[in-house]
Each structure stands twice: as structure tokens, then as C-alpha cells.
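A.B. asks: Once you've had a glance at the structure underneath, I'll fire off some questions.
Where a number appears in this text, it was derived from the coordinates with a stated rule and is not lab data. From a predicted model like this one, the values you see are computed outputs, not experimental measurements. Positions of Cβ are generated from backbone atoms using ideal geometry, with glycine treated the same way; all protein chains shown enter the neighbour counts.
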Amino acid sequence: MTVEAVPAPLPEATIAAVTELARAASHSDGVAPLNEATRLDLATGGAGGIHLLQYDGEALAGYAHLDPDGSAELVVAPNARRQGVGTALGQALLAEAGESLRIWAHGRLPGADELAARLGLEPARELFFLARDASTAVPLPEVVLAPAYELRTFVPGQDDKAWLAVNARAFATHPEQGSWTQADLDERLGQEWFDPAAFFLAVERGSGRLGGYHWTKVEDGVGEVYVVGVDPSHQGTGLGKALTLAGLHHLHGKGLDRIVLYVDGTNTAARRLYESLGFTTAALDVQYAPATSG
Ligand SMILES: CC(=O)SCCNC(=O)CCNC(=O)[C@H](O)C(C)(C)COP(=O)(O)OP(=O)(O)OC[C@H]1O[C@@H](n2cnc3c(N)ncnc32)[C@H](O)[C@@H]1OP(=O)(O)O
Ligand SMILES: N[C@@H](CS)C(=O)N[C@H]1[C@@H](O[C@@H]2[C@H](O)[C@H](O)[C@@H](O)[C@H](O)[C@H]2O)O[C@H](CO)[C@@H](O)[C@@H]1O
């Protein structure tokens, strides 16, 4: 079995085979193996990623995706495991990305640590997956927004530039979020799940300047705190809590019991905010990088 690098855009039949492989793995493992960025690149081919495929005869045994920044995902078909497919795909990713490689293990499933060690990789980043179930969590407090702000929702084409600027400042140290461009924003505004009425902005009365935002998402019947950001000059004043609550009330108000979110393990401020609002840890994603010498 050899690993084949296929340039984007992938043929429709290949996209279908990768999608089926990911579905089978998700059903078997209880966690999706491919994240939004990979799913978007599979569908549009616009992000410049590399697609690695490994066949066993006619059957697709494994798939890996490599982003230009070195972030990667790897999934082996449930019926092709423990046959060296993961090792071969991991070695191919290392050959392409070298020291910049960062492979995700969503759910840190059995075997992920062992495969990473075999490839000379070690855990480099933890991403917590939190959940809040309205039926069991403490009731949400009401939104308390400082009088200096007013709450409205995102207007595509009008708020893009201001949002990109606040997002870049709020996530200046984040590995992915802070570098979003208009193209990244447009790609998501074009998704079926996008709803401008579910994208909350806090703007300063008078100046209209954007202080912060809470972009919510609903996919497969589950609500998500997709991204919350407060401009650094407005942080520490209650705006993040007010915006988070506005989105939570909106999602629960749509009858969604379960709300989820992703937050980096190092993000103390955000984790404390979400835990104060009834979120608890439901899973953990780990990203592996080449082991540091010494
Ligand atoms: C799902 C996601 O989007 S995860 C990513 C979240 N966004 C980011 O990390 C972007 C950069 N950070 C930010 O934009 C902000 O710091 C946020 C959104 C995390 C918090 O926004 P702020 O407006 O500063 O929060 P706010 O003032 O409302 O504080 C709410 C609670 O958050 C927690 N919190 C806020 N800042 C801190 C901090 N520096 N240290 C510890 N806890 C903090 C506290 O529990 C606080 O409640 P308290 O003040 O009663 O103790
Ligand atoms: N809270 C956000 C912005 S800081 C966050 O941490 N996002 C992560 C997260 O993204 C999720 C992932 O792409 C899921 O597949 C998708 O269904 C969710 O809607 C996304 O929020 O995980 C990514 C790694 O897998 C990471 O790159 C994002 O920054």
C-alpha cells in the first residue's frame, strides 16, 4: 500500500470516498476525525491544503490532510486499523511538513499517543471541548450589558472589516483564529449553517465602534459558541460575559438543549467564563508536534 498525494480540488468520487471514511470513523469512534477547516478544504479546495490518500486495492484505507500552516489530520478506516496505514500516512505528513507538522487527535483516542510517539511527535496543544445541557445546568443569568454598548447582529458586507480587525486583535496570539482573512470569513458566511441573526455584536453607542462579538453556530441540531471575541481595549468590563449570555439565550431559545464550544487549554479567561456559565469538559483534542530535543 502506498500513500498518494492528490492536488486540490479532489475529484467528486474521491471527496465522496473520504466523506464516507470520515463518517464510518466518526460512527465507530464517537468523534469526528476531520475538523471544519479540512471539511471546507475538501468541499472547495480553496485553502491550498494537501490531500494524502492510501488505498488497499480499490478501498480507501486512510486519509490525511495537511494545511499550509502545518496543521494536519489523519484518519484510518475502522476496518483497516493496526495494519500500518496510520504510520505510513504520518510518515508522509512528516515528509511534507517537517518541523512545522501539527497533527490533531480529536478525542485523544486509544492509539493516538502511541502512533505519535512512533512518529517522534509529542503533545503540543490541548483543545477542550465543553458542553452545557440546559436540562441539567444552572439557569442562565440575564444579559447585563453596560449602557455604553448596544447589542445588534452582524450585517454581511457592512461589518466584515470591523469584525476582522477586532478578531485579529482579540486572537493575536491564537494559532489560527487571529489570522482569518476576508476569504476565511466569506467561506463561512456562505455555509448553510450561517445565520446573521445568530451573530451578535456589541457596539459602542455614539461611535458605533465594535467592542466585541459572539458568533453562534447550529450544526446537526447542536448549538455552538463558535467564537467569542472582545477587543483587548474593552476586556475585563463584563462584555464577554454579556455577549456569551446573549448567544446562549438565543440558542437555548431555539429549543437547543445542548450547547458546545472549543477552547484552548491555556485560555484561562475563557475557560473560567464558560465554567461560570455551566459548561463542563466533554472531551479533549490534542495536537502533536515533533518532539523538542532535550
Ligand atoms: C469559544 C471561544 O470563542 S473560546 C475563545 C474566547 N475568546 C478569546 O479567548 C479571545 C481573547 N479573549 C477575549 O476576547 C476575552 O478575554 C474573553 C472573551 C475571554 C473575556 O471577555 P471579557 O469581556 O474580558 O470578560 P468579562 O469581563 O465579561 O469577564 C467574564 C468572566 O470571564 C472570566 N475572566 C475574564 N477575564 C479573565 C482573566 N483575565 N483571568 C481570569 N478570568 C477572567 C471571569 O470569570 C470573569 O468573571 P468575573 O469578572 O466576574 O470574575
Ligand atoms: N472557539 C474557537 C475559536 S478560538 C475554537 O477554538 N475553534 C477551534 C475548533 O474549531 C472547531 C472545529 O473546526 C470543528 O470541527 C467545528 O465543527 C467547529 O465548529 C469549530 O469551532 O477546533 C479547531 C481544531 O480542530 C481549531 O482550529 C479551532 O481554532
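A.B. asks: Report, to the nearest 10°, how far helix 160-170 tilts away from the longest principal axis of the Cα atoms in the chain, using its own Cα long axis and a range of 0 to 90°.
C.D. replies: 80
A.B. asks: Moving on to the next point. Between ASN267 and SER207, 0.36 nm times their residue separation minus their Cα-Cα distance comes to what?
C.D. replies: That pair, ASN267 and SER207, stretches by 18.6 nm at full extension.
A.B. asks: Full-extension gain between ALA43 and THR2, please, as 0.36 nm times their residue separation minus the C-alpha to C-alpha distance.
C.D. replies: Answer, rounded to one decimal: 12.3 nm.
A.B. asks: Using only alpha carbon pairs under 8 Å that are at least six residues apart, calculate the relative contact order of region 136-261 and give it in whole percent.
C.D. replies: Averaging sequence separation for qualifying contacts and normalising by length gives 27 percent for region 136-261.
A.B. asks: In angstroms, what radius of gyration and Dmax does region 3-119 have, counting Cα atoms only?
C.D. replies: Rg and Dmax of region 3-119, Cα atoms, are 12.8, 35 Å.
A.B. asks: 5 Å is the cut-off here: which amide hydrogens, built 1.01 Å from N in the peptide plane, fall below it relative to TYR288, excluding neighbours closer than 5 in sequence?
C.D. replies: ILE103, TRP104, ALA105, ALA124
A.B. asks: Sequence-distant or interchain residues sharing an amide H contact under 5 Å with GLY211, placed H: which?
C.D. replies: So GLY211 has HN proximity to ALA202, VAL203, GLU204.
A.B. asks: So if each residue of separation counts as 0.36 nm, and I subtract the Cα-Cα distance between GLU58 and ARG152, what length gain in nm does that give?
C.D. replies: Computed gain between GLU58 and ARG152 is 28.6 nm.
A.B. asks: With r as the distance between the Cβ atoms of SER233 and GLU192 and R0 = 30 Å, compute the FRET efficiency 1/(1 + (r/R0)^6) and round to 0.05.
C.D. replies: Using R0 = 30 Å, I get an efficiency of 0.30.
A.B. asks: A further question on this structure: Through the Karplus equation 6.51 cos²θ - 1.76 cosθ + 1.60, θ set to phi - 60°, convert the phi angles of region 176-191 into ³J(HN,Hα) values in whole Hz; use x for Gly and Pro.
C.D. replies: Values, residue by residue: 10, 4, x, 9, 4, 10, 4, 5, 5, 5, 4, 4, 7, 5, x, 7 Hz.
A.B. asks: Less than 10 Å Cβ to Cβ from ARG188, Lys/Arg counted +1 and Asp/Glu -1: what total charge do the surrounding residues give?
C.D. replies: My count for the surroundings of ARG188 gives -3.
A.B. asks: Sticking with this one: Using alpha carbons only, how many degrees (0 to 90, rounded to 10) separate the axis of helix 85-97 from the longest principal axis of the chain?
C.D. replies: Relative to the chain, helix 85-97 is tipped by roughly 70 degrees.
A.B. asks: Could you work out [θ]222 nm for the chain from helices alone, using -39500 (n - 2.57) per DSSP H run of at least four and dividing by all its residues? Round to the nearest 500 deg cm²/dmol.
C.D. replies: -9500 deg cm²/dmol
A.B. asks: Continuing with the same structure: Relative contact order of region 3-119, please, whole-number percent, based on alpha carbon pairs below 8 angstrom and at least 6 residues apart.
C.D. replies: The value is 25 percent.
A.B. asks: Measure nothing but the geometry: give the 0 to 90° angle between the long axis through the Cα atoms of 12-29 and the longest principal axis through the Cα atoms of the chain, rounded to 10°.
C.D. replies: 80
A.B. asks: Please express the Cα-Cα pair-distance distribution P(r) of region 121-200 as a list of whole percents, one per 5 Å bin, running from 0 to the bin with the greatest distance.
C.D. replies: Spelled out bin by bin, region 121-200 gives 3, 10, 14, 17, 19, 18, 13, 5, 1, 0 percent.
A.B. asks: Let me ask something else. Just to be sure I understand the curve: with the Debye formula and one point per C-alpha of the chain, what is log10 I(q)/I(0) at q = 0.07, 0.08, 0.17 Å⁻¹?
C.D. replies: -0.29, -0.38, -1.43
A.B. asks: Another one. Could you pull out every residue, at least 5 positions away or on a different chain, whose amide H is within less than 5 Å of the one on VAL227? Hs are placed 1.01 Å off N in the peptide plane, and Pro or chain starts have none.
C.D. replies: Residues meeting the amide H criterion: TRP215.
A.B. asks: How far apart, in nanometres, would the label points at GLU99 and GLU219 be if each is projected 7 angstrom from Cα along the Cα-to-Cβ direction?
C.D. replies: Taking the simple label geometry, GLU99 and GLU219 are separated by 3.3 nm.
A.B. asks: May I ask for the net charge around PRO78, where only other residues with Cβ less than 15 Å from the Cβ of PRO78 are counted and Lys, Arg are +1 while Asp, Glu are -1?
C.D. replies: 0
A.B. asks: Got the relative contact order for region 69-153 handy, in percent, Cα pairs under 8 Å and 6 or more residues apart?
C.D. replies: Reported relative contact order: 28 percent.
A.B. asks: Where does the charge balance sit around TYR149 when Lys and Arg score +1, Asp and Glu -1, over other residues with C-beta under 14 Å from its C-beta?
C.D. replies: So the environment of TYR149 carries a net charge of +1.
A.B. asks: In addition: Could you work out how far the C-alpha centroid of region 1-72 sits from that of region 209-244, in angstrom?
C.D. replies: Using only Cα atoms to place each centre, the spacing works out to 31 Å.
A.B. asks: Would you calculate the volume per residue, in Å³, of the smallest convex hull containing every Cα atom of region 131-288?
C.D. replies: Spelled out: Cα convex hull of region 131-288, divided by residues, is 121 Å³.
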